[in-house]
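Quick notes on the structure that follows.
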Amino acid sequence: MIVAEQKPLDEIKGLIAEAEKVLVLGCGTCVTVCFAGGEKEAGILATSLRMASKIDGQPKDVTHTTVQRQCEWEYLDAVADQIREADIVVSVGCGIGVQAVVERFPEVWVVPGLNTSFMGLPTEQGVWEERCAACGSCILGLTGGICPIARCAKQLLNGPCGGSQNGVCEISKELPCAWQLIYDRLKSQNRLHLITQIQPPKDWSKSRDGGPRRITREDLRLAAEASE
Amino acid sequence: MQIVAYSCHYCAYAAADLAGVLRLSYPAAIRIVEVPCTGRLDVLEVLHAFEHGADGVMVAGCLEGDCHFQAGNLNARRRVARVKELITAVGLEPERIEMFNLSSAMGRQFADYAVKMTQQTASLGPSPLRAASGRVSRTGAGGDGLGTRREGSGDVGPSTQKTPAAHQERQR
């Protein structure tokens, strides 16, 4: 899932300072599961903003609603009236959600209520860790299902480096060495021969280095002929 | 002054009931809201109480280790800590909400905690949100945090009530 955390309330107050009618727009998918921007969190933020604006002497009309997925326009259309009626929309979806609202409703002023952090998973209740860097060419099949791009500070393909001490990364005592984890996993699976293969330099053009990425599936496009 | 006391069914609410049976006085500012367990307590519900003008909130659950539902009171304690952070960011004092633990046999302690919470809240003055709204609202977006089990009518001021709300409720 995409993991995010809410911006400090003061920062959000600054973003909406000029508006009177505010809509806090939650998202029912990733940010709901990581307790950052679902129905409950949108309600808490809207209530907090109402209280704060009242205490500041400039009461704002703050409401909230949540859609199933902010990153698909079809779901946004269902709350189009609420979005258009607001002076400003505080999206508590991820960065994609914010941009989806802006692209669907270009005339609407939309600001982010969250800082989108990473793609990861909950390792225990209340703790989320990064697991994928969306590098565009997955090598998990060679590394025992442990990603050195997301979990090694140096993103090494042929690790570990000299900073790995007793299974711990040199950047933090809290951080296990990804390549130690890979070694242990492959050893337990009797697949250590995989680690002996020297990996060539990674093709980073499939990652962010190649600019914004786009995937097109012609078999799925409904208006392919019309657009050509 | 109005203080909402979220009290768990098995301990704190029964303690309030006992306080009534024992004819103990405690401040009339206390408005008891019975919850099945303090683990049921919702952060948003507490925020609504403050939004609609509560000067303070006390959360009263079972003694730690004695929760009827194992760890509901421990969860509530963490949520109270979260609410303290949220209301501080909003501009309210974190001392406006406190967690208390007591058994069903601790009627006197319930009255003592009610006095302590009332004094602590009184030292902070009225909630700026109540001053802004003028009175406690019974309606509003997101529901009413106060009106579900209110006793009496309006703000009863600094006097004391001889019979607690919980006891009155049971007598009907």
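Summary of computed values
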| item | result |
| --- | --- |
| Listing of helices (runs of 4 or more DSSP H) fully contained in the range A:78-189 that carry 1 or more residues being outside the structural domain of residue A:29 (by TED's automatic domain parsing) | A:148-151, A:178-188 |
| Residue selected from the range B:56-102 under the condition within 14 Å of another protein chain (Cβ to nearest Cβ) and of a type in the set (S, T, N, Q), by the criterion surrounded by the most Cβ atoms within 10 Å (Cβ to Cβ) | B:75 |
| Residue count, the range B:103-145 (criterion: modelled with pLDDT under 95, away from every other protein chain (no Cβ under 12 Å) and closer than 23 Å to residue B:42 by Cβ) | 4 |
| Failed item in (1) surrounded by 11 or more Cβ atoms within 10 Å (Cβ to Cβ); (2) modelled with pLDDT under 95, with residue A:228 passing the rest | (1) |
| Condition check for residue A:96: aliphatic (A, V, I, L, M), under 23 Å from residue A:1 (Cβ atoms), out of contact with any Lys or Arg (no Cβ under 8 Å at 6 or more places or on another chain) and modelled with pLDDT of 95 or more | yes |
| Residues of the range A:190-221 that turn out to be in contact with a Cys (Cβ under 8 Å, 6 or more places away or on another chain) and not in a loop (DSSP other than H, G, I, E, B), as a count | 2 |
| Residue, surrounded by the fewest Cβ atoms within 10 Å (Cβ to Cβ), within the range A:25-51, restricted to residues that are under 25 Å from residue A:127 (Cα atoms) and either more than 20 Å from the chain's Cα centre (by Cα) or β-branched (Val, Ile, Thr) (or both) | A:33 |
| Members of the range A:166-193 that are in contact (Cβ under 8 Å) with a residue 12 or more places away in the chain and over 31 Å from the mean Cα position of the chain (by Cα) | A:189, A:191 |
| Checking residue A:94 against (1) buried (at least 17 other Cβ atoms within 10 Å of the Cβ); (2) closer than 23 Å to residue B:88 by Cα; (3) touching a strand residue (DSSP E or B) at 6+ places or on another chain (Cβ under 6 Å), the condition it does not meet | (2) |
| Test: residue in the range A:114-131 that is modelled with pLDDT of 95 or more, among the hydrophobic types (A, V, I, L, M, F, W, C) and within 30 Å of residue A:85 (Cβ to Cβ) | yes |
| Enumeration of residues in the range A:204-224 that are modelled with pLDDT of 90 or more and of a type in the set (Gly, Ala, Ser) | A:205, A:207, A:211 |
| Selection count where residues are within 9 Å of another protein chain (Cβ to nearest Cβ) and closer than 21 Å to residue A:10 by Cβ, scope the range A:21-40 | 0 |
| Residues within the range B:5-34 that are among the aliphatic types (A, V, I, L, M), in a loop (DSSP other than H, G, I, E, B) and surrounded by 24 or more Cβ atoms within 10 Å (Cβ to Cβ), tallied | 1 |
| Residue A:159, sole failed condition from (1) at pLDDT below 95; (2) surrounded by fewer than 19 Cβ atoms within 10 Å (Cβ to Cβ); (3) not aliphatic (A, V, I, L, M) | (2) |
| Per-region count, the range A:52-74, residues outside any strand (DSSP E or B) and crowded, with 17+ Cβ neighbours inside 10 Å | 8 |
| Whichever residue in the range A:1-20 is charged (D, E, K, R) and under 18 Å from residue A:116 (Cα atoms) and, among such residues, is nearest to the other protein chains (Cβ to nearest Cβ) | A:10 |
| Condition broken by residue A:49, with the remaining ones in (1) within 14 Å of another protein chain (Cβ to nearest Cβ); (2) of a type in the set (A, V, I, L, M, F, W, C); (3) part of a strand (DSSP E or B) satisfied | (3) |
| Any hit, the range A:12-19, residues being part of a strand (DSSP E or B) and either under 25 Å from residue B:79 (Cα atoms) or modelled with pLDDT of 95 or more (or both) | no |
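The values are calculated or read from the model by the stated rules, or taken from the named source; none is laboratory data. The model shown is predicted, which means the values in this text are computed figures rather than measured ones. Backbone-built Cβ (ideal geometry, glycine too); neighbour counts: all protein chains shown.
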